[in-house]
Amino acid sequence: MKYHVVTFGCQMNVADSNEMSARLEARGMASTPEIEEADLVLINTCTVRQQAENRALSLLGRLKEWKKAREGRLIVLTGCAAERIKNEVSWRIPQVDLTVGAKDIERFGERLDELLGERFDWVSETEEAFDSKVVGSGDPISYVTIMRGCNYTCSYCIVPSVRGKEVYRPPETILAEVRAGVETGAKEVLLLGQTVNSYSYNDRGFAELLQQVDAVPGLQRIRYMSPHPHYMDRPTIERMAGLSTVCEHVHLPVQSGSDRLLKEMRRNYTRAWYLEAVNYLRKKIPGVSITTDVIVGFPGETEKDFEQTLGLVEEAGFDSAYCFKYSPRPGTRAAALADDVPTPLKEERLARVFEKMEAQSRRNAQKLIGTKQEILVEETGEGGTKWVVGRTRGNWKVKVALPGRAPVKPGDLVKTKITSADGRAVLGEAIAS
Ligand code: SAH
Ligand code: SF4
Ligand code: F3S
């Protein structure tokens, strides 16, 4: 049997898709990049904004024909949107054979065996056998979930209701996964959680975990997503700054530059606290790259609120930002407020913040010209002899020209001199040291 996975949403979903793929493979299935060759399609969904959910629903619509074309084909629906609409799936999307919501992800193997047993008299190896073996993906960057769920109640956000409360994975499990990644070629690990720096396990916090991961032999880089500004305090920043594998990049979602809106959003920090964290990061981690998430058009957002967001983008000196139009989510606190910023105005604000961010990104990229950077190769061209694409520790994507020495492959670290920068398209040349 062949399977094909389509993943929507954030890196947590990517990590979940990897884990579910490993469970499908433990049952003898092989992955295929072609949906037409697949016997089983798994759609791992997102519901953070309505548009994200709609994309999965429209794919499901198209899969009706796919399913009819060959007998025995299966559709499995998982993730956050699946959790939100799980009680409606059987009548709204009858082509789905199995729904496993985000809260049930740990029971995916069990639920899959039920389905396969029902349809094919399938007898699979036990879940315990799977759990005892930790497998690396073979990718240069390994995604490791350190916590699931979220204890926050940001008024616009549906994540806590579809992912549940925080559950921390034990450090030993996390470290075993990091080591397995390194053994199969990973140079970088991305530690994942909705508020990744609120991690705590038997009195050990996020900084202690970073310290342990940093000590894994062979690991070159640590990134983490997404930290919450509330926990980005001085002691944590100081400890992070002392760890050589922790990359000089912090993705620190701010959402808004207006204190009034931050309060309405229930973010639990002020603009001043946020900027203080940014300044301290810059002081302790020279050259650190800071990126963010921004929401425009939250209920009641005035021109003045929005201008404070624009001002903060500049003051914080972000290298890039994901900017979103507010999308009301059923059941959240904000959904009870009038969605009173008209769509054209949301769009105009989105364009303005985007334009400002692009210009700033361009200026920041220019500052890299002439510097030496280490690139972790993700993509190679012409067999890795002419050029490669990878990221700096600061998360800038760089296309590197190679001087024609030995071929370079994904996962290699290449010393590079940055030669030019046009927007975020940064170019460099490999150098000897
Ligand atoms: N846990 C992370 C964010 C997860 S959701 C954190 O707190 O930083 C990713 C991003 O989606 C958020 O940072 C926010 O900018 C955006 N987002 C979440 N809910 C949204 C909504 N209802 N409308 C628009 N954007 C939203
Ligand atoms: Fe959503 Fe807020 Fe939790 Fe992030 S911290 S997942 S924005 S509730
Ligand atoms: Fe989407 Fe769920 Fe991630 S709602 S953003 S996939 S946690």
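Observations, loosely collected:
- Amide hydrogen neighbours beyond the local backbone of A321, cut-off 5 Å, H modeled: T292
- Relative contact order, percent, the chain [alpha-carbon distance under 8 Å, six or more residues apart]: 10 percent
- The GluC sites (Glu not before Pro) found in the range 78-121 that occupy coil by DSSP, while having at most 14 further C-beta atoms within 10 Å, are E88.
- Magnitude of the charge dipole for the range 135-247, about its Cα centre and with charges confined to Cβ atoms of Lys, Arg (+1) and Asp, Glu (-1), is about 220 debye.
- Coordinate range of the alpha-carbon atoms in the range 372-430 per principal axis, descending: 28, 18, 17 Å.
- Model label sites at S90 and L337, defined 7 Å from Cα along the beta-carbon direction, differ in position by 3.8 nm.
- From its DSSP helices (H runs of at least four residues, each -39,500 (n - 2.57)), the chain gives a residue-normalised ellipticity at 222 nm of -11000 deg cm²/dmol.
- Positive-end extreme of charge dipole, the range 2-131 - chosen from H4, A81, N18 (charges on Cβ): A81
- Compactness of the range 135-247 - radius of gyration and Dmax, Cα, Å: 14.0, 42
- Estimated distance in nm for a label pair at A69 and E379, the labels positioned 7 Å out from Cα along Cα-to-Cβ: 2.7 nm
- Theoretical FRET efficiency, 1/(1+(r/R0)^6), r = Cβ-Cβ of A425 and N395, R0 22 Å, to 0.05: 0.95
- Nitroxide proxy distance, nm - points 7 Å out along Cα→Cβ at F354 and T184: 3.7 nm
- For the chain, taking the reciprocal of the average inverse distance between every pair of different Cα atoms yields a Kirkwood hydrodynamic radius of 23.3 Å.
- Put simply, the amide H of T419, placed in the peptide plane, has neighbours under 5 Å in G370, L427, G428, E429, leaving out anything fewer than 5 places away on its chain.
- Only lysine pairs 8 or more places apart, or on different chains, with alpha-carbon atoms under 26 angstrom apart are counted in the range 344-433, and they number 27.
- Relative exposure of F120, F306, judged by other C-beta atoms within 10 Å (fewest first): F120, F306
- Sorted largest first, extent of the range 2-131 alpha carbons per principal axis (Å): 38, 32, 28
- Gain upon complete extension [E303, R363; 0.36 nm per residue less C-alpha separation]: 19.0 nm
- The trypsin sites (Lys or Arg not before Pro) of the range 161-242 meeting both criteria, a DSSP state outside H, G, I, E and B (loop) and at most 10 other C-beta atoms within 10 angstrom of the site's C-beta, are K165.
- In plain terms, the chain from K283 to T270 could stretch by 2.7 nm, reckoned as 0.36 nm per residue minus the Cα-Cα distance.
- Selection of GluC sites (Glu not before Pro), the range 4-59, meeting DSSP coil and at most 14 other Cβ within 10 Å: E34
Only the coordinates and a few stated rules stand behind these numbers; no lab work does. Because the structure is predicted, anything quoted here is derived from the model rather than measured. Cβ sites come from the backbone with ideal geometry, for glycine too, and all protein chains shown count toward neighbours.
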